[in-house]
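Heads up: the structure comes next, in structure tokens.
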Amino acid sequence: MSSVVPAAGSRMPRASLALGLCLAWICFAWMLSACGERPSSAPQSRTSTAAAPEPAPILVIGLDGFEWSIAAPLVASGRMPHVEALLARGRGGKLQTFEPTISPAIWTSMATSKNPDEHGIHGFVREGAPGEAERLYDRRDRRCKALWSIFSDAGYAVRVIGWWVTWPAERVHGVMVAQTNALEDESIEGRMWKGRLRRDVPRQVHPPERQDELLAIAARAEAGLDALLNEVFGPLAIDPSSVGGRLWENSRWSLLADEIYRQVALHLAQKDGRADLSMIYFGGADVLGHRFWRFAYPEGFRDAPSEAERAQLGALLERYYVHLDRVIGELVAAWPRDSDVVLVSDHGMHGDFFDRRFEGTQPLQLLNSGAHADAPPGVFVAAGPSWQPSAVAFERTSFRARELDLEGRVHDLAPTLLALYEIPRGKDMRGSILYGALARGSELVGKVAEIPSHDAVPSAFGAEEDAVVDPAEAARLEQLRTLGYLGGELDPAAKKSAPKNGAKKDGEK
């Protein structure tokens with residue numbers, strides 16, 4: 001079946017979109033009938049909703065390891081005014097995750113509403129046959145469509161920046177900047193610059209003709225990194241051989257990645273205008289949480305940091321949360337005024353390794369003091385015309401993390417965002433539509449169609465399969481070791497890869 005592909009950045013008229021969806025469904029139903037299956041119902045024609053309000057642009061901001069127990073006091077004290085503003089006009093709560101809390105698996109579940117055994121991304125490193133070299137999971141290991149592909153198939157423009165397991169970048173109706181990795185200086189222990197766009201890494205950007213344009217932005221971000229860090233954290237004169245110095249030098253790569261994604265997102269918003277679905281990822285809160293929890297919250301650690309260390313490094317984590325709040329404010333201001341804004345994190349964070357000795361001569365992964373092995377809930381905040389504000393009026397000074405309710409599960413993000421555009425939910429999705437959180441929730445019940453699976457619907461987009469190789473893969477593996485994910489306490493190979501806390505197990509209905 002041939003498909004009409006709109007030019008990137010444009011959107012199909014609703015009548016054309018309805019026709020395209022119906023034709024795709026007819027093709028899908030024909031394939032099922034050939035296999036002896038029949039769909040329960042066809043998706044409703046969008047021509048019947050021509051008078052419905054135009055869907056609002058969706059801005060999803062992913063914050064890896066963002067922890068309510070850190071953010072809530074900052075909100076209550078007025079130091080995170082942009083998150084406060086979203087809570088005041090929208091809703092906020094906790095997002096249930098699953099164990100093991102390994103970022104690639106969870107972020108992929110958010111984008112697909114599938115469990116790891118279904119979408120194919122179980123962790124960082126893909127197990128090979130005996131004797132084969134370890135390699136990172138990449139986008140080619142994902143076995144199902146993600147949100148950006150489903151929106152693209154429906155004729156909507158997307159913008160995806162830095163999301164986990166997106167390299168090599170796939171064809172979408174819009175722009176994708178894949179999360180890539182490279183080693184800046186091999187003389188510095190494990191100093192990885194995740195997210196840095198490099199000329200020697202192919203297929204980082206779709207469409208490929210925009211890679212040089214975005215490489216120039218990445219170069220500017222790198223050139224201004226020291227000035228940015230001085231602005232965020234103040235002057236830091238740290239002995240590079242000390243525990244704090246080694247942790248700091250091995251955190252800069254994540255802060256650069258966040259700055260690249262920030263600048264790229266703002267550039268594309270200004271140059272390209274509206275995208276129907278934007279998904280932007282920031283990982284610095286997770287990395288700094290792993291590295292500096294003990295300095296920020298020394299209570300309970302047998303080997304507590306000195307007063308001098310606390311004075312110098314104890315505020316790094318909070319200052320970065322405050323910086324992320326400013327970034328959120330910039331992004332919200334750059335998007336159309338009527339946008340739906342959603343903040344999500346894959347999990348929270350807490351202190352760990354309380355009986356450990358922290359010495360400068362130890363391997364870097366043994367200097368980490370924050371962890372999330374037992375899956376603290378993530379963060380969920382949503383505001384905009386499509387979201388039902390919280391029933392309880394927001395009061396900043398009394399805002400407490402422990403009083404937040406569970407809003408949903410990581411699996412619920414994809415079907416809920418599809419519902420905002422009345423795109424059918426796949427019956428093979430593990431998550432549910434959060435009707436109670438939506439302004440039109442009661443109206444949408446029974447109106448949003450279901451199809452057996454989006455994966456079987458023919459697509460005009462999708463992947464270009466080839467043998468492209470990431471030359472920085474060995475350096476990325478070293479980065480994961482320094483964070484403790486490979487050969488350390490957080491190694492997912494030592495944990496059972498099964499959903500927990502409400503996520504359905506494979507085979508459950």
### Message
Would you confirm, using the coordinates I've provided, whether Phe394 is among the aromatic types (Phe, Trp, Tyr), modelled with pLDDT of 95 or more and assigned to a loop (DSSP other than H, G, I, E, B)?
### Response
yes
### Query
If you take the residues of segment 343-369 that are of a type in the set (A, V, I, L, M) and over 21 Å from Arg246 (Cβ atoms), which of them is surrounded by the most Cβ atoms within 10 Å (Cβ to Cβ)?
Leu343
### Task
Report the residue count in segment 185-213 for those that are at pLDDT below 95 and touching a helix residue (DSSP H, G or I) at 6+ places or on another chain (Cβ under 7 Å).
12
### Summary
Given the conditions (1) at pLDDT 50 or above; (2) part of a helix (DSSP H, G or I); (3) more than 24 Å from Leu434 (Cα to Cα), every one holds for Gly78 apart from (2)
### Query
Scanning segment 371-391 for residues that are in a loop (DSSP other than H, G, I, E, B) and small (Gly, Ala, Ser), which turns out farthest from Arg440 (Cα to Cα)?
Ala373
#### Entry: Residue tally, condition surrounded by fewer than 21 Cβ atoms within 10 Å (Cβ to Cβ) and over 21 Å from His372 (Cβ atoms), over segment 272-301
3
### Query
Quick one: Leu331 ticks every box in (1) part of a loop (DSSP other than H, G, I, E, B); (2) touching a residue at least 12 places away in the same chain (Cβ under 8 Å) bar one, so which box is it?
(1)
### Task
Tally the residues that are at pLDDT below 95 and under 24 Å from Leu225 (Cβ atoms), restricting the search to segment 320-364.
1
### Task
Would you check which residues across segment 445-477 are in contact with an Asp or Glu (Cβ under 9 Å, 6 or more places away or on another chain), farther than 27 Å from Pro207 by Cα and modelled with pLDDT under 95 and list them?
Lys447, Leu477
### Message
For the condition buried (at least 23 other Cβ atoms within 10 Å of the Cβ), under 19 Å from the mean Cα position of the chain (by Cα) and closer than 24 Å to Asp286 by Cβ, what is the one hit in Leu418, Leu413?
### Response
Leu413
### Task
Give the residue that is farthest from Arg252 (Cα to Cα), with candidates limited to residues of segment 174-185 that are among the hydrophobic types (A, V, I, L, M, F, W, C) and outside any loop (DSSP other than H, G, I, E, B).
Val175
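Okay, residues lined up against (1) of a type in the set (A, V, I, L, M, F, W, C); (2) more than 22 Å from Arg246 (Cβ to Cβ):
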position	(1), (2)
Val287	yes, no
Arg291	no, no
Arg294	no, no
Glu299	no, yes
Arg302	no, no
Ala315	yes, no
Asp325	no, yes
Arg337	no, yes
### Query
Is it the case that some residue within segment 238-252 is touching a Ser or Thr at 6+ places or on another chain (Cβ under 7 Å) and surrounded by 16 or more Cβ atoms within 10 Å (Cβ to Cβ)?
yes
### Task
Residue by residue through segment 397-408, note down the ones that are part of a strand (DSSP E or B) and either over 29 Å from Ala146 (Cα atoms) or out of contact with any Lys or Arg (no Cβ under 8 Å at 6 or more places or on another chain) (or both).
Gly408
### Query
Is at least one residue of segment 286-297 closer than 28 Å to Leu197 by Cβ, out of contact with any Ser or Thr (no Cβ under 8 Å at 6 or more places or on another chain) and acidic (Asp, Glu)?
no
### Query
What are the residues in segment 439-462 that are in a helix (DSSP H, G or I) and under 20 Å from Ala157 (Cβ atoms), if any?
His454
#### Entry: Top-ranked residue in segment 222-245 [being touching a Leu at 6+ places or on another chain (Cβ under 9 Å) and at pLDDT below 95; ranked as farthest from Arg262 (Cα to Cα)]
Ile238
## Note on the structure
Out of (1) outside any helix (DSSP H, G or I); (2) within 18 Å of the chain's Cα centre (by Cα), the one Pro336 does not meet is (2)
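The values are calculated or read from the model by the stated rules, or taken from the named source; none is laboratory data. Everything quoted here is computed from the prediction, not taken from an experiment. All Cβ positions, even for glycine, are placed from backbone atoms using ideal geometry, and neighbour counts span all protein chains on display.
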